[in-house]
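A.B. asks: One structure coming up, written as structure tokens, with questions to follow.
Nothing in this text is a laboratory measurement; each read-out follows from the coordinates by a stated rule. Remember, it's a predicted structure, so these values are computed and weren't measured experimentally. All Cβ positions, glycine included, derive from the backbone under ideal geometry; neighbour counts span all protein chains shown.
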Amino acid sequence: MTRQEHWSLWRRDPRATPFQSPAWLEAWWTHLGGGERLDAAVRDPAGDLVAALPLFVWHDAGVRRLVPVGAGHSDYCDALVAPGAPMDKVWSAILATADRWDELLLPDLRADSPLLGPVPGGWQAHDTEAEICPVLTLPREGSPLAALTGTQRRKVVHDRHRAGRLGGVTEALATPAEIGPALDALFALHAARWAREGQPGVLADPRIQAFHRSAAPALAEAGLLRISLVRREAAIVAVLYGLADPRAGYSYINAVDMSVPGQSFGTLAFACLIEAAAAGGPRSSTSCGARSRTSTAGAPNRAGPSAAPCGGPARTLWAIQGSPTGRHRSKPDARHPRRGPLAARTGPARYVAGRSAGLSARTGPALRSRAALSRA
């Protein structure tokens, strides 16, 4: 599978997310991957790629597990499947290398994943419910913050008033030139937050930082990156690292300066991302990237940038995708020691439902893990 074929298939799959894109997966493999690659690929009679799932062998305590590239750091792991592609051939491609692994592990699958369908004869699957994905559906007209609960809207207004009284606080999406400084601030603020508890935080590993420094510019070039920044004067005081595709926005991880008493800069970062999703659409990074909000005394900025009607089906902002319990804690769950790529958040199987945070307190669908596919 060439990079061009990968992008072409990603664009054809209506379920594809940025986490299945070459921009994300190539950076992950370069900085966090390892082991034998056993990618599954299906081509039609004309030779065109119609389905693919990048896979590799993870040696886990003597067990050879076949897992998706990007596992452990991607909110979604799934195959790319063009409309009409036969799933039986997808399974045949995956199982063609069965003599080189002991178990297939497919974490973080959405409930409608084609990989959760019936498995071929002679194989057995063990499926487990994983983390909850809170979902915020944005209205087609009016303020996007109308999608929040009354309590959440009051919190946005209150926190923006407090920022206004403080003075010099701005909100904006990062431009391409600001990606490097934004990541610098994300890593520093995240480390400072966990240092208060004597722990390093999940972004402390230099390999993970190198992964994001590689992935973010590639995502931005493809129109898939959304980083929300809150500044006080010249200093970045909140970063929300998000992604977006034509269907949804994704809040990946955030970090906030907690040294300013009485301020909740994280709320402003979430609100900025929500408003950007409605105002510019998931793919228009330039229109909102140059727009900022300034909070000053006497200027509460109640409505924010004008929200253009979506002009189609209601947009959704998947406000916390994947693993708030993993990325926002300082280390993996105690039941799953740090070992290999899947343990970078909460381990191979995720038993604890994700806790929503900030403005993302709506309940959504649970992810599922096909935790073991082995011979019957």
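A.B. asks: Once you place label points 7 Å from the Cα toward the Cβ at residue 233 and residue 124, how far apart are they in nm?
C.D. replies: 6.5 nm
A.B. asks: Within a 10 angstrom radius of the beta carbon, how do 245, 75 rank from fewest other beta carbons to most? Before the final figure, lay out the partial values.
C.D. replies: Details: 245 19, 75 23.
Least crowded to most crowded, the residues run 245, 75.
A.B. asks: Rounded to the nearest 0.05, what FRET efficiency do residue 2 and residue 184 give with R0 = 45 Å and r taken as the Cβ-Cβ distance? Could you check? Walk me through the numbers before you get to the answer.
C.D. replies: Numbers: r = 33 Å, r/R0 = 0.74.
Once rounded, the FRET efficiency stands at 0.85.
A.B. asks: A follow-up question, please. Hey, if you put +1 on the Cβ of every Lys and Arg and -1 on every Asp and Glu Cβ in the range 115-176, which of 115, 144, 157 ends up farthest toward the positive end of that dipole?
C.D. replies: Of the options given, the answer is 157.
A.B. asks: A further question on this structure: Within 10 Å of each residue's Cβ, count the other Cβ atoms and sort 175, 170 from fewest upward.
C.D. replies: Working: 175 15, 170 18.
Placing the least packed residue first, the sequence is 175, 170.
A.B. asks: A further question follows. If packing is taken as the average number of other Cβ atoms within 10 Å across a peptide's residues, how do 163-169, 251-257, 117-123, 40-46 rank, most packed first?
C.D. replies: Numbers: 163-169: 18.6, 251-257: 23.9, 117-123: 11.6, 40-46: 15.1.
Packing proxy ranking, top to bottom: 251-257, 163-169, 40-46, 117-123.
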